[in-house]
Structures are given as C-alpha cells and as structure tokens.
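The values are calculated or read from the model by the stated rules, or taken from the named source; none is laboratory data. Predicted model, so just to flag it, every value in this text is computed and none were measured. Ideal geometry is used to build each Cβ from the backbone, glycine not excepted, and the neighbour counts take in all protein chains shown.
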Amino acid sequence: MLLFDFYDPQCLQPWYVLDDGVMGGVSRGTLRANSDAGLIFSGKVSLENNGGFSSIRAQFSPINLSHFTGIQAWLRGDGKRYGFYLKHDTSPIVFQANFNTTAGEWQNVQIPFAALRPNWYGRRLPTGSLNLSHLNAMSFIIGDKQAGQFRLDIASVSAYTAVHHV
C-alpha cells in the first residue's frame, strides 16, 4: 500500500524538519522536492552543544496498517546509518529501527514492524507495543554521532506484506 509517492509534490505537505536545536544543538537539515530524486533530506549534523541529529517527520490522521508486515522505502543514501520511527496516536513513545545505506545507490529498505523497538527521547525502553491500527506519525532521522554532511533521497514509502511460501 503506497503511503507517500514523493514525486507528487502534494505528498510533502505533512513533512517538516526537526533538528537538535530543540535541545540547543546546531545541526541543520533541509527538506525539498526534486523531480529526479523525490524528497531530498540533506544537511549537516553537528555534535556541538550536545547536539547530533536531524530528522524529517510527518503527522497525519491515524491509519490502520495492522494487516501489513512492515514499511518499505525506495531510497538512495550516502553510506550513512539512518533511523526510521513510527508512532501511534495513543502514546508519546516512538518505535525505531535503523538501516544502513549504500552511497549513491537506490535501494528498497524493508523495516518489519517486529523490528521496531520502543524509544523515549533517544533512549531504548524495555517494553512497549506499537498499535498498528492507529499510526499517525513517521520519521527518518540521522544521528548516532555521525557528524558531517548527509543526504537521503526518498522516492516512496509503502506498507508491505511478506509473502509466505509453502
């Protein structure tokens, strides 16, 4: 199920940048549309002032993805590690999984819902359950003390169902 086709400029409307400036950091990310790359999330992560992350986020009316296996994104990275978050509307906890990118190559990144772990402000929680029937926000983030320039091109984000072979 296609959630965001970033070649359609309307799909960028719910997305915005959130950097570590909310905690006093000086990292800077930007978000823009491009006819060749879809959504371009780029900028510079700085570790100054206890900073170290930049993210793009979307909030939307709750959707039900309980009949799917996970999220997949068709994207092109820069060789760095990124995080993906999902959130549901009945809890402030976010559920995160990380993925690696191959510099300059388009790749289909699949993130099974079972791989998402509960986090609260960057700290892993021992327990928590993601309510897949009321998802209302998602994010892509670069952090993990990866200072320097970054760029992540995202063409689309979809929900997928794993095919089971008998």
Flag for Tyr16 being outside any loop (DSSP other than H, G, I, E, B), crowded, with 18+ Cβ neighbours inside 10 Å, in contact with a Leu (Cβ under 8 Å, 6 or more places away or on another chain) and not charged (D, E, K, R): no
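A quick yes/no check of all residues on (1) out of contact with any helix residue (DSSP H, G or I) (no Cβ under 9 Å at 6 or more places or on another chain); (2) under 13 Å from Ile141 (Cβ atoms):
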{"position": "Gly24", "(1), (2)": "no, no"}
{"position": "Thr69", "(1), (2)": "no, no"}
{"position": "Arg76", "(1), (2)": "yes, no"}
{"position": "Gly79", "(1), (2)": "yes, no"}
{"position": "Tyr85", "(1), (2)": "yes, yes"}
{"position": "Thr90", "(1), (2)": "no, no"}
{"position": "Gln107", "(1), (2)": "yes, no"}
Residue in the range 82-90 that is part of a loop (DSSP other than H, G, I, E, B), touching a residue at least 24 places away in the same chain (Cβ under 8 Å), closer than 21 Å to Gly38 by Cα and over 16 Å from the mean Cα position of the chain (by Cα) present: no
Tally, over the range 97-110, of residues that are surrounded by 17 or more Cβ atoms within 10 Å (Cβ to Cβ) and part of a strand (DSSP E or B): 3
Any hit, the range 137-156, residues being modelled with pLDDT of 95 or more, in contact with an Asp or Glu (Cβ under 6 Å, 6 or more places away or on another chain) and surrounded by fewer than 15 Cβ atoms within 10 Å (Cβ to Cβ): no
Yes/no for Leu135 being under 16 Å from the mean Cα position of the chain (by Cα), more than 27 Å from Gly79 (Cβ to Cβ) and not hydroxyl-bearing (Ser, Thr, Tyr): yes
Matching residues in the range 51-85 - criterion: being polar (S, T, N, Q) and over 18 Å from Ile154 (Cα atoms): Ser61, Asn64, Ser66, Thr69
Residue under evaluation Glu48, criteria (1) in contact (Cβ under 8 Å) with a residue 40 or more places away in the chain; (2) farther than 16 Å from Tyr7 by Cα, criterion not met: (1)
Matching residues in the range 115-131 - criterion: being within 16 Å of the chain's Cα centre (by Cα) and either within 21 Å of Leu152 (Cβ to Cβ) or surrounded by fewer than 17 Cβ atoms within 10 Å (Cβ to Cβ) (or both): Ala115, Leu116, Arg117, Asn119, Trp120, Tyr121, Gly122
Per-region count, the range 49-96, residues touching a strand residue (DSSP E or B) at 6+ places or on another chain (Cβ under 9 Å), at positive phi and surrounded by fewer than 16 Cβ atoms within 10 Å (Cβ to Cβ): 1
